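The structure appears right after this line, and notes come after that.
The values are calculated or read from the model by the stated rules, or taken from the named source; none is laboratory data. What you see is a predicted model; the values in this text were computed from it and never measured. Reconstructed Cβ throughout: ideal geometry from the backbone, glycine too, with neighbour counts over all protein chains shown. Protein only, heavy atoms only, side chains kept; ligands, DNA and RNA dropped before computing areas. Shrake-Rupley method; radii C 1.70, N 1.55, O 1.52, S 1.80 Å.
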Amino acid sequence: MAKTHFTESSVVEHMRKARDKGRKAISEFHAVEVPGHISAGADSAKDSAISTLLIQMIAVTLAIPMNKIFILLTVYMLGIFFWKVGRSAHLAWSRLERINALVSEEKHEIETNREEEREELTEMYAAKGFRPPLLTKIIDVLMADDNKLLAVMLEEELGIPMEAYVHPLKQALGAAIGVIITALSIPLGLAISETYGLYITTFCITGLAAFLMAKIEKISALEFTIKSLAITFLASFATYFFTKFLIHEIL
């Protein structure tokens, strides 16, 4: 039989190429990875809080009156809200479309190249340590149910864990909540102190968001949070001193 599925390559080589396709399908544009609605919310809250602080620092350094700064921040938050929500939904839909395309392709392969799919399954489960007659029984059970076979091939061959992805609208909602949290923190911060209030709220939001994301990704929460706060500190004070420098040089 002609190798219409493997196209002259070995099973192992075919599986490696399939995994590459799967990784490309589940990755985000520009290497931005947003695992789910919780991470989308945390990321949006952190980004909007830091950018709000930087805008406030520039405005204060330029001696813009506080009432005008509040208007500036309010308008900015409206824009960043639509940007973050729209971007999150767009990236999630694009990724979902790529996954759906792979699902359709894999479903077609199951329907038209069953013997080759059996060979792939045998190779995969043999690599896991299964041996006949148990190996043969496992393959027979999977081949008897197309839906189960499709799910196995998507996860084992392409490396796409289908349960890990939320609906794009749910992910967009997470991003929206993140921006809203930051927006509500602006009047709170200014009420605490017109000079230092946004520093307090920004560092709190950044720290909490970093801690949450570290927990989700199962990395060192303390180290990740400290590094995130350090980067925020560096960005804010670099902005302040560079603005001061430009004012001195230009004015």
Exercise for the section: Select from the range 230-251 the residues that are open to solvent by 80 Å² or more (accessible area, probe 1.4 Å) and aliphatic (A, V, I, L, M) and list them in ascending order. Expected result: Ile231, Leu234, Ile250, Leu251
Exercise for the section: Look at Lys227 and say whether it is of a type outside the set (A, V, I, L, M, F, W, C), within 14 Å of Met57 (Cα to Cα), exposed (fewer than 15 other Cβ atoms within 10 Å of the Cβ) and in contact with a helix residue (DSSP H, G or I) (Cβ under 9 Å, 6 or more places away or on another chain). Expected result: no
Exercise for the section: Please specify each residue of the range 25-80 satisfying the condition of being open to solvent by 30 Å² or more (accessible area, probe 1.4 Å), out of contact with any Gly (no Cβ under 7 Å at 6 or more places or on another chain) and at pLDDT below 85. Expected result: Ile26, Ser27, Phe29, His30, Ala31, Val32, Glu33, Pro35
Problem - Qualifying residue in the range 117-140 (condition: aromatic (Phe, Trp, Tyr) and part of a loop (DSSP other than H, G, I, E, B)) - result: yes
Practice task
Write out, first by first residue and then by second, each pair whose Cβ atoms fall under 7 Å of each other, whose residues are 6+ apart or on separate chains, and whose first residue, in the range 126-155, is free of Cβ contacts under 8 Å to residues at least 12 places away in the same chain while the second is in a helix (DSSP H, G or I) and surrounded by 14 or more Cβ atoms within 10 Å (Cβ to Cβ).
Solution key: Ala126/Leu135; Phe130/Ile138; Lys148/Leu142
Fill in the blank from the handout: Residues of the range 166-204 being in contact with a Leu (Cβ under 7 Å, 6 or more places away or on another chain), without any contact (Cβ under 8 Å) to a residue 60 or more places away in the chain and under 19 Å from Thr239 (Cα atoms), in sequence order, are Gly197, Phe203
Completion exercise
Filtering the range 174-203 for residues that are surrounded by fewer than 14 Cβ atoms within 10 Å (Cβ to Cβ) and assigned to a helix (DSSP H, G or I) leaves a count of 3
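Quick grid of which residues meet (1) at pLDDT 90 or above; (2) of a type outside the set (Gly, Ala, Ser):
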| position | (1), (2) |
| --- | --- |
| Ala144 | no, no |
| Ala151 | no, no |
| Gly189 | yes, no |
| Glu194 | no, yes |
| Ala230 | yes, no |
Exercise for the section: Would you check if Val166 is surrounded by 15 or more Cβ atoms within 10 Å (Cβ to Cβ) and either basic (Lys, Arg) or in contact with a Lys or Arg (Cβ under 9 Å, 6 or more places away or on another chain) (or both)? Expected result: no
